[in-house]
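Each remark here refers to the structure printed beneath this line.
Values in this text are rule-based calculations from the coordinates and carry no lab data. These numbers come from a predicted model, not from an experiment. Here the Cβ positions follow ideal geometry from the backbone for every residue, glycine too, while neighbour counts run over all protein chains shown.
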Amino acid sequence: MRRPVIVGNWKMNTTLREATTLAAAVRRDLERVDDVEVGICPPFVYLLDVADQVRDTNIRLGAQDCHWEPKGAFTGEVSPAMLKDVGCEYVILGHSERRHLLGEKDDQINKKLRGALAVGLTPILCIGELLEERERGATDAVVRGQLEGSLAGFGADALERMILAYEPVWAIGTGKTATPGQAQEVHAGLRAWLRKRFGAVADGLRIQYGGSVKPDNAADLMRLPDVDGALVGGASLDAKAFAGIVRFKDQSA
Ligand code: 13P
């Protein structure tokens, strides 16, 4: 059984005060949830303050990116070891906003995965197709290409320590969610490809769906056999909405 993992990606949002208030509200709602693994990923500059808010709870802390090197002359970058040092357990890597707005490529993501794993962070590797790619029937080729590139040189032991997030780019921040059928088809295809490449470890891998997940569509997505959680953007900035997603089982009851 794969335990669902639901993570809030706050992106470049909140002030310090908003971040600590939001984290405190998330703590109040979710500190003892254990049927779902819960995480929040605030901006780098608020990690320590948010860590204070969720200390000694079931809520885990993550960051939204990292560099691949442990330290050195990389102005403006943050290393995996630094994230570990301030209490992070996850790091989101290869998010579509970094791929498409900042030109991040699979070979960089591959190095970041290596760096994150080396210090014991759990990477959340994001992949997903553009609308134009879906419309010309290239979804499978695109997501598999992203997987092949990002995971080049890795073995089953590495996959075992990651989370995968399928986020169709056309569904991110648009209010357009993939239908359960579309999500399940891609997730099952990804798992089948990973099983062929890495073996049985693929059956234990958790694959999150991301893209306009809200309390009212979470249950339909989470009950799909190959959807094992969610990476939540906009709705994670509202503690009640985020809690509604985490408690998707109550909604389907
Ligand atoms: P939204 O939930 O705002 O669509 O964002 C999804 C996302 O990009 C999470 O990483």
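Some notes on this structure:
- Averaging 1/r over every pair of different alpha carbons in region 1-124 and inverting the result gives a Kirkwood radius of 14.9 Å.
- Rg and Dmax of region 43-86, both derived from C-alpha coordinates alone, stand at 11.5, 36 Å.
- Measuring nothing but how far apart in sequence close Cα pairs (under 8 Å, 6+ apart) lie, relative to its length, the chain scores a relative contact order of 20 percent.
- Net charge of neighbours whose Cβ lies under 12 Å from the Cβ of Met162, counting Lys and Arg as +1 and Asp and Glu as -1: +2
- Value at 222 nm in deg cm²/dmol, rounded to 500, when DSSP H runs of n ≥ 4 in the chain each add -39,500 (n - 2.57): -12500 deg cm²/dmol
- Signed unit charges on C-beta, dipole axis of region 107-253, positive-most listed residue Phe198, Pro225, Ala241: Phe198
- Here the alpha carbons of region 73-156 define both size measures, Rg and Dmax, at 14.0, 44 Å.
- Three-way shape label, region 1-68, alpha-carbon gyration tensor, a/c 1.5: oblate
- Close amide H contacts of Ala165 (hydrogens built in the peptide plane, cut-off under 5 Å, sequence separation of 5 or more or a different chain): Leu125, Cys126, Ile127, Gln208.
- Here Lys105 is the anchor, and the lysines within straight C-alpha reach of less than 30 Å, apart from those fewer than 8 places off in the same chain, are Lys11, Lys71, Lys84, Lys176, Lys196, Lys214.
- When its C-alpha radius of gyration is set against 2.2 N^0.38 Å (N residues), region 104-253 gives a value of 1.03.
- Counting neighbouring Cβ atoms within 10 Å and putting the fewest first, the residues Lys112, Lys105 line up as Lys105, Lys112.
- Other-chain or far-sequence residues with amide H under 5 Å of Ala230's (modelled H): Val5, Ile6, Val7, Tyr209
- Residues Ser79, Ser236, ranked from the fewest to the most other C-beta atoms within 10 Å, line up as Ser79, Ser236.
- Whole-Hz Karplus values for region 32-37 come out as 10, 4, 9, 7, 10, 7 Hz, taken residue by residue from phi with 6.51 cos²θ - 1.76 cosθ + 1.60 and θ = phi - 60°; glycine and proline positions read x.
- Distance from the Cα centroid of region 1-39 to that of region 55-118 is 18 Å (rounded to whole angstrom).
- Taking Trp10, Trp193, Trp68 and counting other C-beta atoms within 10 Å, the order from fewest to most: Trp193, Trp68, Trp10
- The 3J(HN,Hα) values that the Karplus relation (6.51, -1.76, 1.60; θ = phi - 60°) gives for region 169-179 are, in residue order, 4, 5, 9, 8, x, 9, x, 9, 9, 4, 5 Hz. Gly and Pro appear as x.
- Distances between every pair of Cα atoms in region 71-121, grouped in 5 Å steps from 0 to the bin holding the largest one, split as 5, 20, 27, 26, 18, 5 percent.
- Placing +1 on the Cβ of every Lys and Arg and -1 on the Cβ of every Asp and Glu, with nothing else charged, gives the chain a dipole about its Cα centre of roughly 200 debye.
- For region 208-224, Karplus couplings with θ = phi - 60° (6.51, -1.76, 1.60), whole Hz, Gly/Pro x: 7, 9, x, x, 6, 6, 9, x, 7, 10, 4, 4, 5, 7, 5, 7, 5
- With all projection directions averaged, the alpha carbon convex hull of the chain covers 12.6 nm².
- Across region 54-137, the relative contact order, built from alpha-carbon pairs under 8 Å that are at least six residues apart, equals 32 percent.
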